[in-house]
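**Q** Dropping the structure in here first, questions after.
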């Protein structure tokens with residue numbers, strides 16, 4: 001059963017790697033670059049930073065299984081894997097953690113938490129100027145009502161926010177059209193995959209329909225929002241603030257537009273980390289191990305390992 005070479009393009013704890021070593025030779029890599037011997041890799045474990053495209057797959061002539069420890073799968077060419085008979089799995093275990101981050105963004109904005117901290121570090125006592133708002137009774141619009149969207153709705157409802165959602169693939173009593181959501185929401189949070197249909201789904205036209213002073217949050221994929229339109233809306237004062245955990249370019253520092261966004265004082269910017277918790281990483285590791293165990297045992301029982 002130990003004939004597999006397993007390439008893990010991510011970071012996990014020692015316990016995970018010790019357990020994984022029971023099922024084959026384990027290779028750890030932060031990046032899948034040209035220096036890594038890939039011909040004999042049979043199993044690949046990635047997260048969103050690794051692009052599993054045809055070019056990479058062609059370098060792995062013996063690849064049998066790909067696992068991504070993410071909700072989104074836009075970084076994986078699923079059709080390519082299917083054509084080559086390579087099994088594919090994803091592990092969407094961070095719903096609670098990402099939702100927790102969204103609520104943190106909302107609370108940080110409504111309490112002026114970030115500017116309060118920054119001003120204190122500058123030696124400024126801005127007690128009278130930093131006036132927040134009560135989120136009870138405010139409307140939260142959730143674009144995308146999958147696992148994460150539902151968890152955000154549950155937490156927001158517990159805080160007595162009004163919740164409306166837009167998702168053309170889901171029926172719900174709180175579902176509205178996208179235009180209705182944009183016009184009604186004080187806070188808007190996005191939880192959709194990046195596809196041809198969702199690319200720049202929030203642009204100049206959509207932002208113009210938002211309430212003046214609305215707050216926009218994106219923890220899904222950077223390409224869902226037109227960053228040029230977003231920056232323009234901030235400069236015009238259309239939006240009171242933005243929270244971004246994802247960007248059109250990762251990392252965003254070398255891109256002029258993305259870099260201007262993260263440096264804007266009205267933007268709370270985090271490095272795609274808002275849902276990264278100790279517990280989530282452990283759950284991801286457990287999920288990866290379970291898939292690999294089941295895969296190897298199943299293939300072994302068929303005598304094709």
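**Q** Going by the structure shown, is residue 41 at pLDDT 90 or above, closer than 21 Å to residue 293 by Cβ and in a loop (DSSP other than H, G, I, E, B)? Can you show your working first?
**A** Details: at pLDDT 90 or above: yes; closer than 21 Å to residue 293 by Cβ: yes; in a loop (DSSP other than H, G, I, E, B): yes.
In short, yes.
**Q** Only residues that are surrounded by fewer than 20 Cβ atoms within 10 Å (Cβ to Cβ) and either in contact (Cβ under 8 Å) with a residue 60 or more places away in the chain or in a helix (DSSP H, G or I) (or both): list them for the stretch 234-250, please.
**A** Matches in the stretch 234-250: 235, 236, 240, 250.
**Q** Continuing with this model, one more query. Looking at the stretch 109-126, which of its residues are assigned to a helix (DSSP H, G or I) and out of contact with any helix residue (DSSP H, G or I) (no Cβ under 6 Å at 6 or more places or on another chain)?
**A** If the condition is that a residue be assigned to a helix (DSSP H, G or I) and out of contact with any helix residue (DSSP H, G or I) (no Cβ under 6 Å at 6 or more places or on another chain), then 109, 110, 111, 113, 115, 116, 117, 118, 119, 120, 121 are the ones that fit.
**Q** Quick check on the stretch 248-257. Is at least one of its residues closer than 19 Å to residue 198 by Cα, at pLDDT 95 or above and assigned by TED's automatic domain parsing to the domain that holds residue 143?
**A** Initial filter on the stretch 248-257 (closer than 19 Å to residue 198 by Cα): 248-250.
Add one more test, that the residue is at pLDDT 95 or above, and what stays is none.
Scanning the stretch 248-257 turns up no residue that is closer than 19 Å to residue 198 by Cα, at pLDDT 95 or above and assigned by TED's automatic domain parsing to the domain that holds residue 143.
**Q** Could I ask something else about it? Out of 260, 298, which single residue is part of a helix (DSSP H, G or I), without any contact (Cβ under 8 Å) to a residue 12 or more places away in the chain and out of contact with any strand residue (DSSP E or B) (no Cβ under 7 Å at 6 or more places or on another chain)? So that I can check it myself, show each step before the final result.
**A** Working: 260 fails: without any contact (Cβ under 8 Å) to a residue 12 or more places away in the chain.
Being part of a helix (DSSP H, G or I), without any contact (Cβ under 8 Å) to a residue 12 or more places away in the chain and out of contact with any strand residue (DSSP E or B) (no Cβ under 7 Å at 6 or more places or on another chain) holds for just one of 260, 298, which is 298.
**Q** Does residue 59 satisfy being under 20 Å from residue 278 (Cα atoms), free of Cβ contacts under 8 Å to residues at least 60 places away in the same chain and surrounded by 13 or more Cβ atoms within 10 Å (Cβ to Cβ)?
**A** Values: under 20 Å from residue 278 (Cα atoms): no; free of Cβ contacts under 8 Å to residues at least 60 places away in the same chain: yes; surrounded by 13 or more Cβ atoms within 10 Å (Cβ to Cβ): yes.
So residue 59 fails the test.
**Q** For the stretch 156-198, name all the residues that are more than 22 Å from residue 106 (Cα to Cα) and loosely packed, with under 15 Cβ neighbours inside 10 Å.
**A** Start the filter on the stretch 156-198 by keeping residues that are more than 22 Å from residue 106 (Cα to Cα), which leaves 168-173, 177, 194-198.
Of everything in the stretch 156-198, those that are more than 22 Å from residue 106 (Cα to Cα) and loosely packed, with under 15 Cβ neighbours inside 10 Å turn out to be 168, 169, 170, 171, 173, 177, 195, 196, 197.
**Q** Also, quick follow-up: Got a sec? Which of 106, 142 is touching a helix residue (DSSP H, G or I) at 6+ places or on another chain (Cβ under 6 Å), crowded, with 17+ Cβ neighbours inside 10 Å and in contact (Cβ under 8 Å) with a residue 40 or more places away in the chain? Step through it out loud before you land on a result.
**A** Working: 106 fails: touching a helix residue (DSSP H, G or I) at 6+ places or on another chain (Cβ under 6 Å).
Exactly one residue qualifies, and that residue is 142.
**Q** So which residues in the stretch 49-72 are farther than 24 Å from residue 24 by Cβ and modelled with pLDDT under 90?
**A** 71, 72
**Q** Can you tell me how many residues within the stretch 65-84 are surrounded by 19 or more Cβ atoms within 10 Å (Cβ to Cβ), in a loop (DSSP other than H, G, I, E, B) and free of Cβ contacts under 8 Å to residues at least 40 places away in the same chain?
**A** Matching residues across the stretch 65-84 total 2.
**Q** Within the bounds of the stretch 131-144, is there any residue that is in a loop (DSSP other than H, G, I, E, B), under 20 Å from the mean Cα position of the chain (by Cα), closer than 23 Å to residue 93 by Cα and assigned by TED's automatic domain parsing to the domain that holds residue 242? Before the answer, list the steps.
**A** First, pick out the residues of the stretch 131-144 that are in a loop (DSSP other than H, G, I, E, B): 131-138, 144.
Imposing the further condition that a residue be under 20 Å from the mean Cα position of the chain (by Cα) reduces the set to 144.
Going one step further and asking which of them are closer than 23 Å to residue 93 by Cα, we end up with 144.
Pick out the ones that are also assigned by TED's automatic domain parsing to the domain that holds residue 242 and you get 144.
Yes; the residues of the stretch 131-144 include at least one that is in a loop (DSSP other than H, G, I, E, B), under 20 Å from the mean Cα position of the chain (by Cα), closer than 23 Å to residue 93 by Cα and assigned by TED's automatic domain parsing to the domain that holds residue 242.
**Q** Counting only residues that are part of a loop (DSSP other than H, G, I, E, B), free of Cβ contacts under 8 Å to residues at least 60 places away in the same chain and over 21 Å from residue 273 (Cα atoms), how many does the stretch 1-31 have?
**A** Within the stretch 1-31, residues that are part of a loop (DSSP other than H, G, I, E, B), free of Cβ contacts under 8 Å to residues at least 60 places away in the same chain and over 21 Å from residue 273 (Cα atoms) number 1.
The values are calculated or read from the model by the stated rules, or taken from the named source; none is laboratory data. Small disclaimer: the values here were computed from a predicted structure and weren't measured. Ideal geometry is used to build each Cβ from the backbone, glycine not excepted, and the neighbour counts take in all protein chains shown.
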